[in-house]
Amino acid sequence: MKNRTHEQALAADLTELYANQHQRVLGIVARTLRDEDRAAYAEDLAQDVWLMVWQYLLRGNEITSPSGLLSVFARRRVYAHYRSARVRRESAVDPTSAALDRLVELIEAVS
């Protein structure tokens, strides 16, 4: 029961922090993203920041400087987004793959 009360207190703290700082986090994420990515990713990445904060609190950490912590988390999340995007681009599908060849055969058979 004590653990549940502790989590409820953390949730209340996070709710207050979110109400006061969400627009700031969203602004940091948006400014850190490339112009062409803002509309598509800003809100999702800002929500990821709040998940990071929740996990940080659940690990027993305290937030002594909310603005500093949120700034660091927001930038780290955007940087991680671009790192993972680079990895996804580098592992592009080989156009000579067997699946593509089979698809071409099926399309030619229907034509």
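Name, by its number, the condition in (1) assigned to a helix (DSSP H, G or I); (2) touching a residue at least 40 places away in the same chain (Cβ under 8 Å) that does not hold for residue 63.
(1)
Any residue in region 25-42 that is farther than 13 Å from residue 79 by Cβ sitting within a Cβ distance under 9 Å of a residue that is among the hydroxyl-bearing types (Ser, Thr, Tyr) and not in a helix (DSSP H, G or I)? List the pairs, counting only those 6 or more apart or interchain.
Within 9 Å, no pair qualifies.
Could you please give the count of residues in region 79-99 that are surrounded by 11 or more Cβ atoms within 10 Å (Cβ to Cβ) and modelled with pLDDT under 90?
Counting residues in region 79-99 that are surrounded by 11 or more Cβ atoms within 10 Å (Cβ to Cβ) and modelled with pLDDT under 90 gives 1.
Can you tell me which condition residue 23 does not meet? The list is (1) surrounded by 11 or more Cβ atoms within 10 Å (Cβ to Cβ); (2) at pLDDT 95 or above, and all the others hold.
Every listed condition holds for residue 23 apart from (1).
For region 30-41, name all the residues that are over 9 Å from the mean Cα position of the chain (by Cα) and either surrounded by 15 or more Cβ atoms within 10 Å (Cβ to Cβ) or in a helix (DSSP H, G or I) (or both).
Of everything in region 30-41, those that are over 9 Å from the mean Cα position of the chain (by Cα) and either surrounded by 15 or more Cβ atoms within 10 Å (Cβ to Cβ) or in a helix (DSSP H, G or I) (or both) turn out to be 30, 31, 32, 33, 35, 36, 37, 38, 39, 40.
Return a yes/no flag: does region 69-78 have any residue that is loosely packed, with under 13 Cβ neighbours inside 10 Å and at pLDDT 95 or above.
No, region 69-78 has no match at all.
The values are calculated or read from the model by the stated rules, or taken from the named source; none is laboratory data. Everything quoted here is computed from the prediction, not taken from an experiment. When we count neighbours, we look across all protein chains shown, and the Cβ atoms used for this are built from the backbone with ideal geometry, even at glycine.
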